[in-house]
Amino acid sequence: MKIVNIVGARPNFMKVAPLHRAFQKRSEIDSKIVHTGQHYDAKMSDVFFNQLELPQPHYFLGIGGGTHAQQTAKIMLEFEKVMEAEQPDLVLVVGDVTSTIACALVASKMHVPIAHVEAGLRSGDRRMPEEINRILTDSISDLLFVTEQAGIDNLKREGVPDEKVFMVGNCMIDSLVHYRQKAQQLRVLADFGVAKGEYVLMTMHRPANVDTAEGLSSILQIVADTVKYKKVIFPIHPRTRSNIQKFGLNAQLESIEGILLTEPQGYLEFLHLMENSALVVTDSGGIQEETTYLQVPCLTFRDSTERPVTVELGTNQLLADLNPATVHEKVVEILEGRTKQGIIPPLWDGNAAARIADILVQKFA
């Protein structure tokens, strides 16, 4: 069977890498990678391909930037050509980015089966473009591979037949397990001049948080409050950096002593920073999962999460707003050791991709 795997943005690479490895071990599977180029900055794309030992993609569509509509349209037009050339037996999409829904739509129109990895996740917030992508992709997929019980519950509530749905674990955790030791051998902490537990790691990029002057100013105040206790390592997303400039907040940023501002990190470097931090402050989806596995406290600046197991079982806590006073109280509580203890969710064991390969061989080969 010929499988075409879609990657487009940074989180996709960590999920497709273990899948491609698992597929290559099966003589029944011919695995090909299509990179849409949705994330086109080398810092956000090329370094991940190299570190995750993915081969050069069989197809690079070079889509680049644009609005959601522009990206979706360009991806669909270019991916249709790939489909006509390859005639695959299955299109596999992961996660919830624009490339996910765009390629799933093309496959559906061409009557090619679709597998969605990380299916069934719901935040309940349809203002998030990712939520729309998740709902639509699940509705047209033939096989839905789920990471946690909430995914099973959501799909059942939406009327998806049980025979389409498989609880397999988490491919993001597969990558973490596979590369954890390699990441720990890096000298990242020495490069930043910090030791284990001496810093808080921060990422912020969601439009709801960084697309207003008020939101960004609150984030910078939170950093200023936090550096009183620990240094803050802040790999800054291009969107966030651009908006700091746009809203004239450079002076506020530069006045913070104890912030270690850096470019977006490679996968291994960021994994190293996560595991050795005292606390992670973020608005990312995948980081909630990784910190849960690593047993590192995590504060997520969102009023809902599509990954509720990270809150129910894991180390993640949600903060509904960017009120610096509320955040300060919570940060101090965690740094003083008064934080929840988490456990690793079921099937987050590094073998999700192998389970998916077994199911696909059984269904198609």
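What does the charge count near Q288 come to, summing +1 for each Lys or Arg and -1 for each Asp or Glu among other residues with Cβ under 12 Å from its Cβ?
Summing Lys/Arg as +1 and Asp/Glu as -1 gives -4.
Filter the chain for me: DSSP H helices, axial length by Cα at least 24 angstrom, mean Kyte-Doolittle hydropathy not below -1.0. List them by residue number.
Within the chain the helices that satisfy the rule are 68-86.
Taking Cα centre as origin and charging only the Cβ of basic (Lys, Arg, +1) and acidic (Asp, Glu, -1) residues, the dipole magnitude of the chain rounds to 320 debye.
Taking all protein chains together, D211, D96, D321 sort by accessible area into D321, D211, D96, largest first [probe 1.4 Å]. Taking all Cα-Cα distances within the stretch 109-227, those exceeding 21 Å account for 61%.
Under 27 Å of direct C-alpha separation, and excluding same-chain neighbours fewer than eight residues apart, K164 reaches these lysines: K2, K15, K25, K32, K109, K156, K363.
Is it possible to state the helix-based mean residue ellipticity at 222 nm for the chain, with each DSSP H run of 4+ residues giving -39500 (n - 2.57), the sum divided by total residues, to the nearest 500 deg cm²/dmol? What is it?
Taking each H run of at least 4 residues, the total per residue is -14000 deg cm²/dmol.
Multiplying the residue separation of Q181 and R127 by 0.36 nm and removing their Cα-Cα distance gives an extension gain of 15.6 nm. Charged neighbours of F247, selected by a Cβ distance under 15 Å, balance to 0 (K, R count +1; D, E count -1). Each Lys and Arg contributes +1 and each Asp and Glu -1, all at the Cβ; summed about the Cα centre of the stretch 1-158, the dipole is approximately 120 debye.
Placing +1 at every Lys and Arg Cβ and -1 at every Asp and Glu Cβ, with all other atoms neutral, what dipole size does the stretch 162-305 have around its Cα centre, in debye to the nearest 20? It works out to roughly 280 debye.
Compactness of the stretch 248-365 is given as radius of gyration and Dmax, 17.6, 60 Å, from Cα positions.
Between K196 and E53, the FRET efficiency from the beta-carbon distance, with R0 = 25 Å, is close to 0.40. Using +1 at the Cβ of each Lys and Arg and -1 at the Cβ of each Asp and Glu in the chain, identify which of Q184, Q149, M1 lies farthest towards the dipole's positive end. The residue sitting most towards the positive pole is Q184.
The values are calculated or read from the model by the stated rules, or taken from the named source; none is laboratory data. Computed from a predicted model, the values in this text were never measured in an experiment. All Cβ positions, glycine included, derive from the backbone under ideal geometry; neighbour counts span all protein chains shown. Ligands, DNA and RNA are stripped out before the accessible areas are found, and what is left, the full protein with its side chains, is counted by its heavy atoms. Shrake-Rupley method; radii C 1.70, N 1.55, O 1.52, S 1.80 Å.
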